[in-house]
1. Of everything in segment 102-125, what is closer than 30 Å to ASP171 by Cβ, in contact with a Ser or Thr (Cβ under 9 Å, 6 or more places away or on another chain), touching a residue at least 60 places away in the same chain (Cβ under 8 Å) and not hydrophobic (A, V, I, L, M, F, W, C)? Give them in sequence order.
2. Could you go through segment 111-120 and let me know if any residue there is aliphatic (A, V, I, L, M) and at pLDDT below 95.
3. Enumerate the pairs (first residue in segment 169-189 and closer than 16 Å to LEU97 by Cα and open to solvent by 50 Å² or more (accessible area, probe 1.4 Å); second residue anywhere and modelled with pLDDT of 95 or more and aliphatic (A, V, I, L, M)) with beta-carbon separation below 6 Å, excluding pairs fewer than 6 apart on the same chain, so at least 6 apart or on different chains.
4. Which of the residues spanning segment 111-147 are open to solvent by less than 90 Å² (accessible area, probe 1.4 Å), in a loop (DSSP other than H, G, I, E, B) and over 17 Å from ALA190 (Cα atoms)?
5. Is there a residue in segment 196-204 that is surrounded by fewer than 13 Cβ atoms within 10 Å (Cβ to Cβ) and part of a helix (DSSP H, G or I)?
6. So, ASN103, is that one within 16 Å of GLY177 (Cα to Cα) and out of contact with any helix residue (DSSP H, G or I) (no Cβ under 8 Å at 6 or more places or on another chain) or not?
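The values are calculated or read from the model by the stated rules, or taken from the named source; none is laboratory data. The structure displayed is predicted, hence computed values, not measured ones. Using ideal geometry, Cβ is built from the backbone for each residue, glycine included, and neighbour counts are taken over all protein chains shown. The area values use the complete protein model at the heavy-atom level, side chains included, leaving out ligands, DNA and RNA. Shrake-Rupley method; radii C 1.70, N 1.55, O 1.52, S 1.80 Å.
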Amino acid sequence: MLVKTLLAFVGLSLIGCSGQQVSEAVTEPALMQTPQGKEQTAQTVTAPNLQPQAQPVLQAVIVTDAAKAKIADSGANNKGSKKDRPMEHALLEAKLLVTDKANVTLQYTNNQSYGVPLMFMSGMTADLWLLDAQGSKIWAWSNEMMFTQAIRETVMPAGKTQNVKFKIPADVAAKIGKGYRLEAVFAGKATESQKPAMSKVTYSY
């Protein structure tokens with residue numbers, strides 16, 4: 001009877017120890033096997049709080065009429081208008097001498113201190129245009145003339161004056177009224193200068 005009691009006590013003790021080991025095994029953290037065969041304690045990794053990135057806000061810019069005008073004025077001042085740019089002086093000075101409505105003379109002078117080399121693409125030295133009050137060309141002296149097509153070169157000496165005479169037909173001259181004007185166009189080109197040989201010469205009625 002004593003032996004049975006002892007055996008029962010020993011059995012209960014063994015069962016209590018096994019239960020304690022099982023309980024401890026459950027409470028211990030899980031072990032992870034690394035590729036090198038070493039045991040490491042698994043750790044819980046929590047991702048940081050990620051907040052959505054704010055999108056840029058586009059705002060409309062309203063440009064007033066005053067601002068537009070200021071910008072336009074600034075651009076105009078930077079570029080400069082053609083009227084403000086100085087005219088390049090021609091090598092030869094010229095004027096139109098009008099005797100009457102039918103007879104006109106272009107007189108030009110080389111006031112340079114040197115001779116001016118000139119090239120003409122034909123036998124025409126200069127042309128004369130007649131423009132009405134609206135600025136439309138209604139007649140040209142060259143339309144009624146024939147010229148040689150040979151290129152010619154010459155040098156106008158310093159201080160020399162030359163004349164080109166034009167004859168306006170009577171029927172054309174009869175149409176000339178207030179606001180009409182004549183324009184003389186020199187056909188020669190300066191060959192040794194960037195400046196024009198002669199500017200347009202005008203005469204207003």
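1. THR105, TYR108, SER122
2. Taking segment 111-120 as the starting set, the residues that turn out to be aliphatic (A, V, I, L, M) are 116, 118-119.
Filter once more, keeping what is at pLDDT below 95: none.
No: zero hits.
3. ARG181/LEU131
4. Of everything in segment 111-147, those that are open to solvent by less than 90 Å² (accessible area, probe 1.4 Å), in a loop (DSSP other than H, G, I, E, B) and over 17 Å from ALA190 (Cα atoms) turn out to be ASP132, ALA133, GLY135, SER136, MET145, PHE147.
5. no
6. Numbers: within 16 Å of GLY177 (Cα to Cα): yes; out of contact with any helix residue (DSSP H, G or I) (no Cβ under 8 Å at 6 or more places or on another chain): yes.
In short, yes.
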